[in-house]
Amino acid sequence: MSDTLPSPQPLRSLDDWEDEVVARYPQPGQKAREDYRNYDAPARDNVREFYRLHHQHQTYEFVLAKKREYLTLDHRAMTVLEAMEYLNTLVDDSDPDIDLSQREHLLQTSEAIRADGHEDWFVLTGLIHDLGKILCLFGEPQWAVVGDSYPVGCAFSRRIVYPEYLDANPDRLDPLLNSPLGVYEAGCGLANVHLSWGHDEYLYHVVTQAGCSLPAPALYMIRYHSFYPWHREEEYGQLLDDRDWQMLPWVRKFNPYDLYSKSPVRPNWDELAPYYTALIDKYLPGKLRW
Ligand code: FE
Ligand code: FE
């Protein structure tokens with residue numbers, strides 16, 4: 001199934017697509033589109049401090065160490081529903097737009113996708129896309145779990161959010177890690193690039209090692225939804241391969257549901273549980289390794 005899915009219709013423009021989603025899925029209390037991801041005036045004042053720590057500590061060596069620590073997936077065995085329950089105690093410090101619990105964010109995302117009539121695998125992707133944030137509950141600081149992601153091991157783009165904080169990253173002092181290609185080969189593909197460590201990469205490994213039947217676009221949405229310097233800013237073209245370019249429209253298709261579905265209205269889990277329980281059983285049944 002994974003290789004037979006066509007790319008979605010080319011988007012007229014990213015702005016048009018975002019406006020379309022916002023217009024089609026209005027929410028009481030929803031902000032204007034341009035008021036989301038406003039890092040100059042974030043709704044919560046810890047966002048700036050969050051990125052100061054994130055950019056300082058996300059070095060190439062740090063990312064490799066976290067991969068060695070977590071990608072063995074031997075920390076816990078949990079079903080998707082158990083992971084949602086577990087995650088529900090967390091509020092994301094990097095997010096300038098939301099104060100709701102993580103389960104509510106997941107349901108707002110998946111319900112927006114469902115309301116737009118997308119296929120069930122896309123709805124499930126919305127439901128699970130942030131489950132990797134359970135890393136926080138394993139004792140990881142938020143700067144090692146959430147926030148925008150970007151490649152390490154090569155020069156940082158100046159279009160990363162709060163780029164000035166990257167000046168404190170020790171990798172800036174290494175000539176190799178500061179070159180456009182760094183440790184990578186041109187066109188090597190994102191699968192061979194290490195991004196700053198966080199929930200996207202972690203969940204990607206949880207679901208693929210579970211042998212799930214989600215199609216390739218779903219796996220790209222999971223793995224790269226925080227990689228705004230790519231899917232929003234179109235940076236790092238020197239590292240991409242054909243597959244990445246093919247999948248970019250899918251990652252972009254996902255993004256507005258993640259971003260603009262955020263609203264103060266709380267979804268009713270009890271009403272939604274039967275539908276989502278069946279959906280999880282179809283694609284990701286039983287206990288997964290975390
Ligand atoms: Fe996320
Ligand atoms: Fe999200």
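The values are calculated or read from the model by the stated rules, or taken from the named source; none is laboratory data. What you are looking at is a predicted structure, and each value in this text was computed from that prediction instead of being measured. Glycine also receives a Cβ, built like all others from the backbone with ideal geometry; neighbour counts cover every protein chain displayed.
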Select from segment 134-158 the residues that are closer than 26 Å to Leu284 by Cβ and part of a helix (DSSP H, G or I) and list them in ascending order. Ile134, Leu135, Cys136, Leu137, Phe138, Gln142, Ala144
Kindly provide the set of residues from segment 251-290 that are closer than 17 Å to Thr208 by Cβ and within 16 Å of ligand 2 (Cβ to nearest atom), ordered by number. Val251
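Return yes when Asp174 is more than 20 Å from Glu119 (Cα to Cα) and charged (D, E, K, R) and no when it is not.
Yes.
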Quick check on my filter: what residues within segment 242-289 are over 26 Å from Gly189 (Cβ atoms), hydroxyl-bearing (Ser, Thr, Tyr) and within 16 Å of ligand 1 (Cβ to nearest atom)? Tyr260, Ser261
Looking at (1) among the aromatic types (Phe, Trp, Tyr); (2) within 14 Å of ligand 2 (Cβ to nearest atom); (3) modelled with pLDDT of 95 or more, which one does Trp230 not meet, given that it meets all the others? (2)
Identify all residues within segment 108-160 that are among the small types (Gly, Ala, Ser) and more than 16 Å from ligand 1 (Cβ to nearest atom); write none if there are none. Ala115, Gly117, Gly139, Gly153, Ala155, Ser157
Please go through segment 105-120 and pick out each residue that is more than 10 Å from ligand 2 (Cβ to nearest atom) and buried (at least 20 other Cβ atoms within 10 Å of the Cβ). Leu107, Ser110, Glu111, Ala112, Ile113, Arg114
For segment 100-133, which positions are part of a loop (DSSP other than H, G, I, E, B) and not hydrophobic (A, V, I, L, M, F, W, C)? Ser101, Asp116, Gly117, His118, Glu119, His129, Asp130
